[in-house]
1. Between A:LEU105, A:LEU39, A:LEU93, which is at pLDDT 90 or above and either polar (S, T, N, Q) or within 23 Å of A:GLU7 (Cβ to Cβ) (or both)?
2. Answer yes or no: is there a residue in the stretch A:138-149 that is within 8 Å of another protein chain (Cβ to nearest Cβ) and surrounded by 16 or more Cβ atoms within 10 Å (Cβ to Cβ).
3. Considering the stretch B:174-225 alone, what residues qualify as being in a loop (DSSP other than H, G, I, E, B) and of a type in the set (Ser, Thr, Tyr)?
4. Please tell me if A:ILE33 is touching a residue at least 60 places away in the same chain (Cβ under 8 Å) and facing another protein chain (nearest Cβ under 9 Å).
5. I'd like the full set of residues that are closer than 13 Å to B:ILE142 by Cβ and touching a strand residue (DSSP E or B) at 6+ places or on another chain (Cβ under 9 Å), limited to the stretch B:171-193.
6. Give the stretch A:99-108 a look and list any residue that's surrounded by 13 or more Cβ atoms within 10 Å (Cβ to Cβ) and either of a type in the set (D, E, K, R) or without any contact (Cβ under 8 Å) to a residue 24 or more places away in the chain (or both), or say none.
7. Would you mind stating whether A:GLY71 is without any contact (Cβ under 8 Å) to a residue 40 or more places away in the chain and touching a strand residue (DSSP E or B) at 6+ places or on another chain (Cβ under 8 Å)?
8. How many of the residues making up the stretch A:121-137 are surrounded by fewer than 19 Cβ atoms within 10 Å (Cβ to Cβ) and either away from chain B (no Cβ under 13 Å) or under 18 Å from the mean Cα position of the chain (by Cα) (or both)?
Amino acid sequence: MNARAVEPRAAMLFSSFVALIFQVVPLPAGLSIVRPAFLVIVVLYWSISAPRAGGLFFPFLCGLALDVFQGAVLGEHGLALVTVAFLAIRFHLLIRNKPLFEQALIAFAALAFYEFIVWCIDGFSGHTLNAGLRWLHPITGGLLWPVVSGVLARTHRPR
Amino acid sequence: MFGGTGRAVQSRVAATGLSFTFYATLAVILMFLDQRGHWLDYARYGLSAAAYPVQLAVNSPSAAWHWLRGIAATRATLQQENSALRAENRALELRTLRIEALESENAKLRALAAALPDVAQKWLPAEVLNVELSTLRQRVVINKGASSGVFKGQAVLASGGLMGQVMRTGPWSSEVILITDPEHAVPVQVLRSGLRTIAVGQGNSGVMTLPYLPVNSDIKVDDLLVTSGLGGVFPAGYPVARVTDVGRDPGQPLAQVHAQPLAAIDRDREVSLVWFMPGHPAAPAPLEEVAPPPGLASAPQAVPTEPK
């Protein structure tokens with residue numbers, strides 16, 4: 001095994017656990033509307049920078065954890081997260097070489113697409129859709145992308 | 001997974017299309033089983049047990065803060081609180097005396113031989129865990145679950161009034177849907193006029209709406225709304241909300257009525273789970289008579305709102 005092939009699995013698991021906690025920590029009502037989807041951003045980062053470490057099994061597991069914690073239909077966030085991670089893995093070489101600003105835009109688009117899938121499933125499963133505020137968090141998520149990727153890039157050897 | 005050559009990378013990337021199909025199908029099957037058949041209730045039960053330690057960990061800073069404040073409370077504040085509680089207790093006792101008289105009078109009026117006991121049979125205090133579920137839903141997690149006998153559809157009361165109902169139980173925790181959740185509806189009655197209607201949540205902890213009242217209905221600001229006992233979940237006569245504004249637009253067939261919940265929904269940490277006496281006149285009607293058979297019952301709310 002050469003040094004290049006070491007997969008940052010420990011960092012991946014630990015950062016996702018921290019992100020999950022950030023996602024369920026209570027915030028004041030005004031702030032919780034703009035709370036970025038931390039776990040989705042972290043999964044997106046690892047799908048782009050270490051696509052072979054977790055494959056699609058890891059995003060699926062994270063999605064199930066989100067379903068359990070948020071009381072959603074089992075598999076709802078799983079499907080959304082697997083879809084976004086699949087696209088990220090498909091184009092990881094392309095995205096990895098973009099400047100940070102463009103990466104943040106891509107992260108925004110990915111988060112919006114993720115929210116779109118969740119919104120569709122909410123609609124199919126008969127939940128109410130009247131909240132327009134749900135489309136706010138991709139913006140804060142995109143703004144947070146440079147920070148998250150900067151922090152996570154220090155935990156492993158970037159390729 | 002340790003492929004250093006280009007060929008290995010190629011084959012790995014090509015495989016993700018297949019594994020994507022696999023996981024996506026798996027997710028769709030899971031959703032179908034969870035939503036339609038309720039075949040995953042046992043899996044849910046186990047998963048919520050696994051989630052409980054994390055929820056406790058997230059709750060621990062605020063729990064520690066409350067504990068510290070309890071320790072740091074001075075003798076003076078405790079004495080003050082104690083005397084305030086004693087005064088409140090005396091007032092309540094006096095009122096209970098009156099209530100007992102009224103109850104027996106009521107029983108006589110109803111031509112019943114003996115005074116009826118209270119509809120609530122058993123109380124279980126529970127604490128709200130400081131854990132956030134989905135942002136746009138009004139739901140909370142409490143620290144009592146199926147091991148304490150909590151069941152799905154159980155009424156949850158807070159100090160001011162009705163708070164919600166149990167939606168999902170785990171072994172040590174359960175999820176409560178609040179009356180202010182947009183997917184929750186409570187059958188209510190205006191105490192002054194006896195008018196029956198349905199109060200629907202808005203996704204905002206301070207507001208409920210009464211969307212099904214005609215413009216000419218007898219409702220005023222400051223009217224008290226109590227549970228009507230229809231719907232099979234909540235017993236009759238528990239306070240729910242107070243009407244805050246009534247909008248009557250002559251061009252509209254329905255009035256726009258808003259009410260404020262009486263329970264301090266976003267502030268109360270202590271709630272009570274209640275068991276009601278079956279067969280009591282004020283008890284909720286047995287579910288079998290109201291709801292479809294258990295296999296088909298999908299919505300946990302008292303009156304299912306139609307999906308929009």
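The values are calculated or read from the model by the stated rules, or taken from the named source; none is laboratory data. Keep in mind the model is a prediction, meaning the values are calculated, not measured. Reconstructed Cβ throughout: ideal geometry from the backbone, glycine too, with neighbour counts over all protein chains shown.
1. A:LEU39
2. Kept after step one, since they are within 8 Å of another protein chain (Cβ to nearest Cβ), are these residues of the stretch A:138-149: none.
No; the residues of the stretch A:138-149 include none that is within 8 Å of another protein chain (Cβ to nearest Cβ) and surrounded by 16 or more Cβ atoms within 10 Å (Cβ to Cβ).
3. Across the stretch B:174-225, the qualifying residues are B:THR180, B:SER193, B:SER205, B:TYR212, B:SER217.
4. yes
5. Correct list: B:SER173, B:SER174, B:GLU175, B:VAL176, B:ILE177, B:LEU178.
6. A:ILE106
7. Values: without any contact (Cβ under 8 Å) to a residue 40 or more places away in the chain: yes; touching a strand residue (DSSP E or B) at 6+ places or on another chain (Cβ under 8 Å): yes.
Here the answer is yes, as A:GLY71 does meet what is asked.
8. So the answer is 3.
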